[in-house]
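Undergrad: The structure's right below; bear with me while I get my questions together.
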Amino acid sequence: MSAGHRPWDGLYGPDELAVREAGGYGTRAGIGGRPAVLVIDIVRNFTGYPGEDHIASIRRFRSSCGPYAWAAIPHVATLIATGRERGFPVIFTRATRLPEELRLAQRRKNKRAAKESAESIEVGSEFPDEIAPLAGEIIIEKTKPSPFFGTPLLSHLQMLGVDHLLIAGCTTSGCVRAAVYDGFSYNFGQTLVEECVFDRFPTSHKVNMHDMDAKFADVVPIAEVLRELDERFPLPRTSAALSGAERP
């Protein structure tokens, strides 16, 4: 990634960027003292399978983000592993399958909401192996875009002493945005890890990244996030590493 690159580069004209600068938007807040990794909705319904054409994937899983998901998943795996190494809570979310009579809101805006494939019904809520939760990690089952709405997520975060969310997942313009708005409303610091967030619509992804960075969260490349975590939360040096480092 080139220095100074932002995901929304090229979408906004100089007048709009001048307004952003003059208004003081987009100030970098940094990571708080007790982060958690929040992995939003990275399940088969949103990922499909690697290497599959996007439209073909949507025919099987109507919400699939196809190649955009699989470009992000290796970075998400890195973020999750980094959190686990440091003892941060790692929390996953996914949608609960509602009874048909409770799915009116979905059907209003998506003509395929009531026409899920058998494959989607069977495996759509499964996490890909690359980022699957470990035994004992929290999985939040939700019925609306925000993982805070009608769930125990806020209570869990309070019990764990979390003050900052390192956010990965999908979609940027949907459930990620809903999470960020509610997380901001509950006064959490928030970092959207740039390469770990994705959408089926690249333009919507970029616009929403810009808006969230301007007002509600830091949008930060994963290399910078890992560097800050290494500085702020260094891992204990193993005896082998120490002995190697101390050799003349």
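The values are calculated or read from the model by the stated rules, or taken from the named source; none is laboratory data. All values derive from a computational prediction rather than experimental measurement. With ideal geometry, Cβ positions are generated from the backbone for all residues, glycine too; neighbour counts draw on all protein chains shown.
Undergrad: In region 142-161, how many residues are out of contact with any Leu (no Cβ under 7 Å at 6 or more places or on another chain) and either on the phi > 0 side of the Ramachandran plot or polar (S, T, N, Q) (or both)?
TA: Qualifying residue count, region 142-161: 6.
Undergrad: Quick check: anything in region 19-39 out of contact with any strand residue (DSSP E or B) (no Cβ under 9 Å at 6 or more places or on another chain), more than 14 Å from Pro128 (Cα to Cα) and among the aromatic types (Phe, Trp, Tyr)?
TA: yes
Undergrad: If you go through region 29-73 one residue at a time, how many are farther than 25 Å from Ile140 by Cβ and part of a loop (DSSP other than H, G, I, E, B)?
TA: Residues flagged as farther than 25 Å from Ile140 by Cβ and part of a loop (DSSP other than H, G, I, E, B) within region 29-73 amount to 5.
Undergrad: Do any helices (runs of 4 or more DSSP H) entirely within region 133-248 hold 1 or more residues that are among the hydrophobic types (A, V, I, L, M, F, W, C), in contact with a His (Cβ under 7 Å, 6 or more places away or on another chain) and over 14 Å from Pro35 (Cα atoms), and if so, which?
TA: Fully inside region 133-248 and qualifying: 222-232.
Residues are listed down the side, and each one gets a yes or a no for (1) modelled with pLDDT of 95 or more; (2) not basic (Lys, Arg):
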residue	(1), (2)
Asp15	yes, yes
Arg34	yes, no
Ile42	yes, yes
Arg59	no, no
Gly66	yes, yes
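Undergrad: Oh, and also: Among the listed residues Asp211, Asp218, identify the single one that is acidic (Asp, Glu), modelled with pLDDT of 95 or more and surrounded by fewer than 21 Cβ atoms within 10 Å (Cβ to Cβ).
TA: Just a single option satisfies the conditions, and that option is Asp211.
Undergrad: Then there's this: Filter region 11-28 down to the residues that are more than 16 Å from Asp218 (Cβ to Cβ) and assigned to a loop (DSSP other than H, G, I, E, B) and list them by number.
TA: Residues satisfying the conditions are Leu11, Tyr12, Gly13, Gly23.
Undergrad: Take region 145-165 and flag every residue that is surrounded by 15 or more Cβ atoms within 10 Å (Cβ to Cβ) and in contact with a helix residue (DSSP H, G or I) (Cβ under 8 Å, 6 or more places away or on another chain).
TA: Within region 145-165, Pro145, Ser146, Pro147, Phe148, Leu165 qualify.
Undergrad: Hey, Arg34 hits all of (1) exposed (fewer than 13 other Cβ atoms within 10 Å of the Cβ); (2) under 19 Å from the mean Cα position of the chain (by Cα); (3) among the charged types (D, E, K, R) but one; which does it fall short on?
TA: (1)
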